[in-house]
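**Q** Sending over a structure as C-alpha cells; questions will come in a sec.
Read the figures in this text as sums done on the coordinates, not as results from a lab. In this text the structure is predicted, and so the values were computed from the model without any measurement. Glycine also receives a Cβ, built like all others from the backbone with ideal geometry; neighbour counts cover every protein chain displayed.
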Amino acid sequence: MNDKYSKWMFIIFPAITMLLGWGLRGHIGGGPFGAMIPGAMVALSLSMLLKLPSNLTAIIVVFGVAGIGLGGEMTYGQTLSFLRDPETMWWGVLATTVKGSIWGMLGASVLSLGFVYNRLEKKTIVMAFLLLMFGMLMGFKLINQPMIIYFSDPGNPRPESWGALLLGAVFLLAYLKYKVAKDDFKIISRFALFGLIGGALGFGLGGFWFVLGSALPKEVIFKSWWKAMEFTFGFLLGASLGYATWLSRKELIQFGKMDSEKTTNLNIYKEIGLTLLIGSLIYWIIPESLEPFVDATSANDGILMSSLRAVAQILVNYSFYGFILVIVVMYIPKLAWQIGITLTFCHAAIDLVRDNFTDMQANSPGLASLWVVFLTLIVALLTAYFNRKNEIKRSMFLLLVWSLMIISYTAFLITGRWSVSNMTLGEMFFKQYFVDMIFTVSAIFISWIAIKKIGEASQDLV
C-alpha cells in the first residue's frame, strides 16, 4: 500500500484545490456547468495522490465533472438572503445545510463510481444514471413542485430542485447497494457519507459569513461574503472527499492496478472533432432545441403536454448532460481527457464571452461563438499534446488550473477591477483584490504541490 503521502496531504491538497475550483465556479461560471470546474479539479487531485494510471484518472475526472455538476441545478440565491435577517436566519442555516449535504452526497456518490469504474459493467452504470434521473423526476413532482418544504422566497418563487436531487441520490444508492459487490459499495457509501458531511458543513457553516456581514457596520471594507461562503464550501467538501479517499486508499490503489497503464490515442483530428461535436450537443443543440418547448408548455395542464414537458425537463437538466458525458467515455474512453479538461474549460470560455462581451453577443453572435471555439481549440490541442507525453496527470492538472486562471484574469482586466484610483491600501487589499489574491495564492500553492510533492512520485504510473 502506498503511504508516501500523509493523511494531511490527502486532506489539504484536495481542500485547497476545491476551494479554488469552487471560487472560480462562482466567479467565471455559475450553474451546473460552472460546477464542472471543482468536480474536475478535485477528481484530478485525488487521483494524483493515489498515483492511479492516467487512463483511469481521465475516467474519474469525467465522473467528477458529472457528479459535482449536479448540485449546480439547485437555486440558493434567495436561500442565502434568509441568513441576513435575524428572524429567518435559522431557517436559512437549515436550508443551506440541507442543500449542501445533498450536493455533497450526490456528487461524491457519482464521483466514487469513477474509482470503481473498472469493476462495474457498463449496463450497471447506465441503469444507475437512469434511476438517478427517474428519482429526480419523482422529487420534482412530489417535493419541489408542490413546495411541500420550500427554501426560497414564497413571495417571489423560484423553481427548486433539492428534493429532486435528494430522491435521485436515494434511487442511485439503493440500486448500487443491490447491484454492486460489497467491497465496491463500501467505497461508494463512504464517499456518499463524507460528501454529505462535507457538503453540510461547507454550505451550512459557510452561510454564517452572511450572518457576520449583516451584523457588521455598512462602512466595513470587506464585503465579499458570497466568495467567503464559496471558499468555505469548497474547502470543507474537498477536505471531506480527501479524507474519504485516504480511508479508502488501500482498496482504491488496488482497484487502480486492474487498469491498463498505457493506451493508444485517437487520431488528433478525430479526437478534437468529436470533442467539439459533443460540446456543441450539450452546450448548444439540446438546450436550444428543448428549452423553448419547456418554457412554452409551462402553463399547459393537459396530460400529454405535461408528460412531454416533464421528459423535456429531464433532458435539459444537467443530470442528462452528465449522463451523455459518461456514456461517451464508456464507449470512447480515449476521449476522456478531452471531455474532462477541454469541455470544462469550454463553458468557462462561454461564460467569459457571455458575461463580459455583451455588445459582441448582441451585435455579432457569430464572432462571439468563434472566440469561444478559438479558445477551446487551444486547450483541446494542449490536452491532446500533453496526453501524448509523460507526467500526464500533473500536466492536465496544471493545464486545467491555469487555463481557468487565465479566464479569471481576463475577466479581471476587462471589468476594470485593476483600477485603484482614489483607493486606500485597505480598500485595495480587502475590497478590490482580495478574491483574486486568494485565487492566485491557491493556484500557486496547489501547483507547487503538484510539481514538487507529487509529480516525481507519479512517474511510475502515467
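**Q** Which shape class applies to the range 349-409: rounded if a/c is under 1.5, otherwise prolate when a/b exceeds b/c and oblate if not, where a ≥ b ≥ c are the square roots of the Cα gyration tensor eigenvalues? Don't skip to the end; give the middle numbers.
**A** On the way: a/c = 5.73, a/b = 2.25, b/c = 2.55.
Oblate, because a/c is 1.5 or more while a/b does not exceed b/c.
**Q** Compute the relative contact order of the range 7-458 as a whole-number percentage, counting only Cα pairs closer than 8 Å that sit 6 or more residues apart in sequence. Don't jump to the answer; show the numbers that get you there.
**A** Values: 712 pairs, mean separation 107.3, N = 452.
So the answer I get is 24 percent.
**Q** Sort the range 187-311 into rounded, prolate or oblate with this rule: let a ≥ b ≥ c be the square roots of the eigenvalues of the Cα gyration tensor; rounded if a/c is under 1.5, and if a/c is not under 1.5, prolate when a/b is larger than b/c, oblate otherwise. Intermediate results must be reported in sequence, preceding the final value.
**A** On the way: a/c = 1.85, a/b = 1.07, b/c = 1.73.
Oblate, because a/c is 1.5 or more while a/b does not exceed b/c.
**Q** Applying a 10 Å radius around every beta-carbon, put 338-345, 354-361, 4-11, 272-279 in order of their mean neighbour count, most first.
**A** Values: 338-345: 28.4, 354-361: 13.9, 4-11: 15.4, 272-279: 18.5.
Per-residue Cβ counts within 10 Å, averaged per peptide and sorted highest first, yield 338-345, 272-279, 4-11, 354-361.
**Q** Right, here's the next one. Assuming a ≥ b ≥ c are the square roots of the Cα gyration tensor eigenvalues, decide whether the range 282-404 counts as rounded (a/c under 1.5), prolate (otherwise, with a/b larger than b/c) or oblate.
**A** Numbers: a/c = 3.40, a/b = 1.55, b/c = 2.20.
Judged from the Cα gyration tensor, the range 282-404 comes out oblate (a/c at least 1.5, b/c at or above a/b).
**Q** If each residue's Cβ is checked for other Cβ atoms within 10 Å, how do T97, T57 rank with the fewest at the top?
**A** Values: T97 18, T57 29.
Ordered from fewest to most neighbouring Cβ atoms within 10 Å, T97, T57 come out as T97, T57.
**Q** Still on this structure: Averaging sequence separations of C-alpha pairs under 8 Å and six or more residues apart, then dividing by the length of the range 70-227, give the relative contact order as a whole percent. Spell out each step's value before the answer.
**A** Working: 215 pairs, mean separation 62.6, N = 158.
Averaging sequence separation for qualifying contacts and normalising by length gives 40 percent for the range 70-227.
**Q** Which of L52, L241 comes first, and how do the rest follow, when ranked by fewest Cβ neighbours within 10 Å? Intermediate values should be presented prior to the final figure.
**A** Working: L52 26, L241 32.
Going from least to most buried by this count: L52, L241.
**Q** Which helices of the chain meet both criteria: a Cα extent of 27 Å or more along the helical axis and a mean Kyte-Doolittle score no lower than 0.0, with helices taken as whole DSSP H segments? Walk me through the intermediate numbers first.
**A** Details: long enough: 7-28 (32 Å, 1.08); 89-115 (39 Å, 1.11); 182-206 (35 Å, 0.84); 225-247 (33 Å, 0.70); 365-386 (32 Å, 2.02); 392-414 (33 Å, 1.68).
For the chain, where a helix must reach 27 Å along its axis and average at least 0.0, the hits are 7-28, 89-115, 182-206, 225-247, 365-386, 392-414.
**Q** Could the peptides 143-150, 212-219, 318-325 be put in order, highest first, of the mean number of other beta-carbon atoms found within 10 Å of their residues? Each step should come with its number before you reach the end.
**A** On the way: 143-150: 15.2, 212-219: 10.1, 318-325: 22.0.
Taking the mean over residues of other Cβ atoms within 10 Å, the ranking is 318-325, 143-150, 212-219.
**Q** Dipole of the chain, Cα-centred, from +1 at each Lys and Arg C-beta and -1 at each Asp and Glu C-beta, to the nearest 20 debye?
**A** Working: 35 positive and 27 negative charges, 271 e Å.
Here the chain has a charge dipole of around 1300 debye.
**Q** Taking mean projected area of the Cα convex hull in nm² as the quantity of interest, determine which of (i) 22.5; (ii) 25.7; (iii) 44.7 was computed from the displayed structure.
**A** (i)
**Q** Order these peptides, 34-47, 64-77, 104-117, by their mean beta-carbon neighbour count within 10 angstrom, highest first.
**A** Numbers: 34-47: 29.9, 64-77: 25.5, 104-117: 28.1.
In decreasing order of mean packing, 34-47, 64-77, 104-117 become 34-47, 104-117, 64-77.
**Q** Using label points projected 7 Å from each Cα along Cα→Cβ, tell me how many nm separate R158 and N267, to one decimal.
**A** Once both label points are built, they end up 4.7 nm from each other.
**Q** Which order do W103, W162 fall in if you start with the one that has the fewest other Cβ atoms within 10 Å? Present the calculation step by step, with values, prior to reporting the outcome.
**A** Working: W103 31, W162 27.
In increasing order of surrounding Cβ atoms, one gets W162, W103.
**Q** If you average the alpha carbon positions of the range 103-161 and of the range 183-227, how far apart do those two centres end up, in angstrom?
**A** First find each Cα centre; the distance between them is then 20 Å.
**Q** Listed here are the pairs K123/K182; K122/K257; K51/K270; K7/K453; K7/K227; which of them are more than 25 Å apart at the Cα? Display every interim value, and only then the final one.
**A** On the way: K123/K182 18 Å; K122/K257 19 Å; K51/K270 29 Å; K7/K453 14 Å; K7/K227 27 Å.
Where the Cα-Cα span goes over 25 Å, the pairs concerned are K51/K270; K7/K227.
**Q** Which GluC sites (Glu not before Pro) does the range 357-462 hold that lie in a coil by DSSP with at most 15 other beta carbons within 10 Å?
**A** Details: sites: E391, E427, E456; in loops: E391.
Answer in residue order: no site qualifies.
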